[in-house]
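Down below is the structure, laid out as structure tokens.
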Amino acid sequence: MAHRLDPLLRPASIAVIGATERAGSVGRLALRNLQLGGFAGPLYAVNPGYTSVLGTPCFPSLAALPSPVEHVVFAVADHRLEAVLDDVIAHGARAATIMSSLVLEDDVVPALRERVAEKIRRAGLIVCGANGMGFYNFRDGTWACGFETRAHRRDGNVAYISHSGSGMCGIVDTDERLRFNLVVSTGQELAVSMDEYLDFALDMDSTRVVGLFMETARNPHGLVRALAKAEQRRIPVVALKVGRTELSARLAVSHSGAVAGRDASYQALFDRYGVQRVEDMDQLATTLAMFAQPHRVGAGGLVSIHDSGGERQLLIDLAETARVPLATLAPASVARLESLLDPGLPAVNPLDAWSKGGPDYHVTMQECFATLMADPAAAFGAVVHDRAPGGGIHATYLDYLRHGHAATGKPAFLVANRQGTGADPAVVAATHEGFPVLDGLASFLRGARCLLDFRDHQLRHGRRRPGQAARAAAMIPGEAAAAARARLAGGAVLDEAESSRLLRDCGIPANDCRTAQTAAEAVAAARSLGYPVVLKTAERGIHHKSDRGGVRLALADDAAVAAAWNELAAQLGPRVLVAPMVRATGLELMLGLVRDEQFGPVVVLGFGGLHVEALGDVVCALPPFDAAEARRLLGRLRQAPLLASRRFRSPLAIDAFCEAAARFSGLAVALGDAVAEIDLNPVIVHPGGCIAVDALIVGRRNAPGETPEMRQAV
């Protein structure tokens, strides 16, 4: 089936404008790469100074070509580029690759980049770049890149799309263990953004995994669609996300805006669609190699075999930091290992199987690793041995991998404790055979965590009923949401009484409260609600009441309420809020919402209370989601063990909080563009349930529709 990017990434014909015989030039390398890749269609050079370049026919202009071409590669200086672009458009080409930076020293306004972008837009030209390094479609033999690279084959299964040109070359050109089918340096994305290249890669039947070196999302809607497509097709996406995106409310009014963090929306997006995130290029290359191998991950955790007790302990320490579970062996596996090991070696995972050595040592290691791999709790296994002299590998290590895999079919990796070489023929051959040879425990463990997380995400996705998460939004009464949207218009701020009323109307447990302007009104409200009560300032513009000394607790009678009102009126103003004193003992959590300038609403869950910003222990998610997802997210908090604390007489009603969080995520969707921030802090979770005792809802100051409103696939 045809793809919109076909004229760009697999064109029928190509011309290189500026092709030349000058050594080291982009014009020479661009043409040479197309020849090396085996481009099968008509290929022309365009340069009035030659009749042929590198044996390819050369013509003085596009107009002189014997037939129109579909794709043009630019290899001209920026001061000539605009005129050449006019010729390309007049010629009728459908696509182009522009690698130059589009910067002129004595430019005019609008600048060259803007002029070129406008011409491309008006012509409907499909362009890779500018200010990139082009692309390689290895599968179809189109190497549209003006820089040197290594030898590549056509049978790769890794797609790699990078905003950084060096971030592309730093992996593609240097590591022969990875075989690619498509590699793109997207550059400035004048006409084609990362999501479209990702969509193209997902349609290639050879793609097993996609890597992204990502700076931003220039088309958030398209990125969401592409990631949903990857999830549906069970193709893992591994992202190295650099830089940060501001949340739309830069001067956050609520605690939620302060604690969510500038990267919250991307992490929430990745969580929603099972994108595996890494922190550096070593982790990216390692994780791509681990996903590229063909064997299916089993249930359970990691098993590993070592020839050093100290290095075994190192893995245990690093695995805990990386949150990689180590399989607990079944009794049958323990018994089998005990029959194989020398006396004094414990039959545990991770396993140190080296003791006396001897002629049968390698056979023992093979059998021990096969036993580990066959254990029901083993998802995959690693032989963790140092490299041979010179950075190569001992052939016997590969025998362990093959033997262990043959017994189970599970993935097996050879891991060096530190850097080896990725160019050794045995290393490359073993990796392509399906047994990746990897460098460094930390990078391997990050990849291991990614394999396990992707497996678990796919299991959850498979169990997710169609529309399950969307039903969270349907729980919100339309009348309540419509009234709130109208009230929030123009950036209005709902005070605690209004916010609490809306939450209760939407089925989210929130403390009842009344406003009062006089001591008599405060006393009447307290009598109506029942003692003891709390008085809080309700003066407009005071959003963090405790910080201003605007809260009085545990007021037990009329006299205490009147005295508290007098104090608050004198200190901050007469408008107060009266609410029942929540007597339940429990944990203080929080629910919040912030709006990202690219991806719309982001829900914040975590530990709350007075020190919410100092703790910063929150997770974020794209709404809507269900209670089960809320429970999973809470498990990622640093202080998650407190949720199961035994210091309370009965277990805390965490499930009630998760149900409230799901409804809250529905409210986030129902309010749509009208809301900028929401803060429910604290939400007290106790054995009998949960209740929000303070609430703040802030309307958007911008016109509805000004910020992209994402519609997540569910």
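What follows is calculated from the coordinates using simple rules that are stated; it is not laboratory data. Because the structure is a prediction, the values reported are computed rather than measured. Heads up, the Cβs are rebuilt from the backbone with ideal geometry, glycines too, and the neighbour counts pull from every protein chain shown.
Each of Leu54 and Arg150 was given a label point 7 Å from its Cα along the Cα-to-Cβ line. The distance between the two points is 2.0 nm. Among the trypsin sites (Lys or Arg not before Pro) in region 612-692, those placed in a DSSP loop whose Cβ has at most 11 other Cβ atoms within 10 Å are Arg646, Arg647, Arg649.
Sort 537-549, 565-577, 360-372 for me by packing, meaning the mean count of neighbouring Cβ atoms within 10 Å per residue, highest on top.
Ranked from most to least packed, the peptides come out as 360-372, 565-577, 537-549.
Among the lysines, which fall within straight-line cross-link reach of Lys241, defined as a Cα-Cα distance under 28 Å, with same-chain neighbours fewer than 8 residues apart omitted? Within reach: Lys229. When shorter helices are ignored and each DSSP H run of at least 4 residues is given -39500 (n - 2.57), the per-residue value for the chain at 222 nm works out to -11000 deg cm²/dmol.
Amide H contacts for Val675 (H built 1.01 Å from N in the peptide plane; partners 5 or more residues away or on another chain; cut-off under 5 Å): Arg700. The peptide list 24-34, 2-12, 146-156, put in order of mean Cβ contacts within 10 Å with the highest first, becomes 24-34, 2-12, 146-156. If the chain linking Arg4 and Val109 were pulled fully straight, counting 0.36 nm for each residue of separation and taking away their Cα-Cα distance, it would gain 34.6 nm. Once backbone amide H atoms are built at 1.01 Å from N, Arg277 has Ala239 as its partners under 5 Å, excluding neighbours fewer than 5 places away on the same chain.
Between the Cα long axis of helix 264-273 and the first principal axis of the chain there is an angle of about 70°, rounded to the nearest 10. Straight-line reach from Lys536: taking Cα to Cα under 28 Å and skipping same-chain neighbours fewer than 8 places apart, the lysines in range are Lys545.
Relative contact order for region 6-207: 20 percent, from Cα pairs under 8 Å spaced at least 6 residues apart, divided by residue count. Under the simplified labelling scheme, the Ala524-Ala556 pair shows an inter-label distance of 2.7 nm, with each label point 7 Å from Cα along Cα→Cβ.
Summing charges over all other residues whose Cβ lies under 14 Å from the Cβ of Glu118, with Lys and Arg as +1 and Asp and Glu as -1, gives +2. Peptide packing: for 430-442, 227-239, the average count of neighbouring Cβ atoms within 10 Å per residue gives the ranking 430-442, 227-239, highest mean first. A simple spin-label model places pseudo-atoms 7 Å from Cα toward Cβ; at Thr421 and Asp173 they are separated by 2.1 nm. For region 438-453, putting each phi into the Karplus relation 6.51 cos²θ - 1.76 cosθ + 1.60 with θ = phi - 60° gives couplings of 10, 10, x, 5, 4, 5, 4, 5, 5, x, 4, 4, 5, 4, 5, 5 Hz, in residue order, rounded to whole numbers and with x for Gly and Pro. Amide H to amide H, with H built 1.01 Å from N, Ser13 comes under 5 Å of Glu70, His71, counting only residues 5 or more places away or on other chains.
Maximal additional length on extending the Ala483-Glu567 stretch stands at 26.8 nm, based on 0.36 nm per residue less the C-alpha distance. Backbone phi angles across region 91-105, fed through the Karplus curve with coefficients 6.51, -1.76 and 1.60 (θ = phi - 60°), yield HN-Hα couplings of 5, x, 4, 9, 8, 8, 10, 10, 9, 6, 7, 6, 10, 10, 5 Hz in residue order; Gly and Pro are listed as x.
Each Lys or Arg adds one and each Asp or Glu takes one away; over the other residues whose Cβ falls under 14 Å from the Cβ of Asp439, this sums to -2.
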